[in-house]
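Inspection log for the structure reproduced underneath, given as structure tokens.
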């Protein structure tokens, strides 16, 4: 039983919810130190990515280089979810309550 649980932890992917700032940070000198290694791991499918229609809409007005970053997300480990405004505000609300 312990071995099975350990194997599950080893092979289970971390889920990450991606917002606009994740894409823009890849091209911002201030955040590259964090986002470059993150995207290297993403390209290796080390994460399950949740990407919402709201982020997709936010990217519509972004510079082309930032828009093209979406192509770095592996299709086999990326989930596009439909979301509404209330759902989009949940991460911010969670952060406000925890910090």
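Against the numbered list (1) out of contact with any strand residue (DSSP E or B) (no Cβ under 8 Å at 6 or more places or on another chain); (2) free of Cβ contacts under 8 Å to residues at least 12 places away in the same chain; (3) assigned to a helix (DSSP H, G or I), residue 58 comes up short only at (2).
Among the residues of the range 27-52, those identified as under 15 Å from residue 70 (Cα atoms) and either over 13 Å from the mean Cα position of the chain (by Cα) or free of Cβ contacts under 8 Å to residues at least 24 places away in the same chain (or both) are 27, 35, 36, 38, 40, 41, 44.
Return the residues of the range 35-55 that are more than 17 Å from residue 91 (Cβ to Cβ), in a helix (DSSP H, G or I) and in contact with a strand residue (DSSP E or B) (Cβ under 9 Å, 6 or more places away or on another chain); say none if nothing qualifies. Selection gives 41, 42.
Going through (1) out of contact with any helix residue (DSSP H, G or I) (no Cβ under 9 Å at 6 or more places or on another chain); (2) at pLDDT 90 or above one by one, residue 62 falls short only on (1).
The values are calculated or read from the model by the stated rules, or taken from the named source; none is laboratory data. None of the values given here were measured: they were computed from a predicted structure. Cβ coordinates were reconstructed from backbone atoms using ideal geometry, including for glycine residues, and neighbour counts include every protein chain displayed.
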